[in-house]
Amino acid sequence: MLGIETASKTIRALAKAGYDRIGRHLGINDQHLRKVLLDAGITSGLRRQVEAKTEPASDFSVAGSRIPRA
């Protein structure tokens, strides 16, 4: 991958150089690509912002028993 040692570094380098369709060229899924770019603060080129519709649950139920979230 371009002589760069990790997929994440390659993704960041290509994004900063202005390349598009990076995931398709590297065979990386969209979720991985998006997370790497967002974690690096690279938001140019994102087509839409994703926001949660609801707040995460504070606890959940499994087979009738309540298990608190950590």
With θ set to phi - 60°, apply the Karplus curve 6.51 cos²θ - 1.76 cosθ + 1.60 along the stretch 32-43 and write out the HN-Hα couplings as whole Hz, x wherever there is a Gly or Pro.
-> 5, 4, 4, 5, 4, 5, 5, 4, 8, x, 8, 10
Around L14 (Cβ within 13 Å, Cβ-to-Cβ, excluding L14; K/R +1, D/E -1) the net charge comes to +4
So who's got an amide H within less than 5 Å of the one on I28, skipping anything under 5 residues away but keeping other chains? H placed 1.01 Å off N, in plane.
-> none
Cα Rg over Rh - the stretch 1-46, Kirkwood | 0.90
Suppose every K and R has +1 on its Cβ and every D and E has -1 on its Cβ; what is the size of the dipole of the stretch 1-46 about the Cα centre, in Debye to the nearest 20?
-> 40 debye
Amide H of I42: which non-local residues (sequence gap of 5 or more, or other chain) have their own amide H closer than 5 Å, using H built in the peptide plane?
-> none
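Throughout, read-outs are computed from the coordinates displayed, never taken from laboratory work. Note that the structure is predicted; figures quoted are calculated from it, not measured. Backbone-built Cβ (ideal geometry, glycine too); neighbour counts: all protein chains shown.
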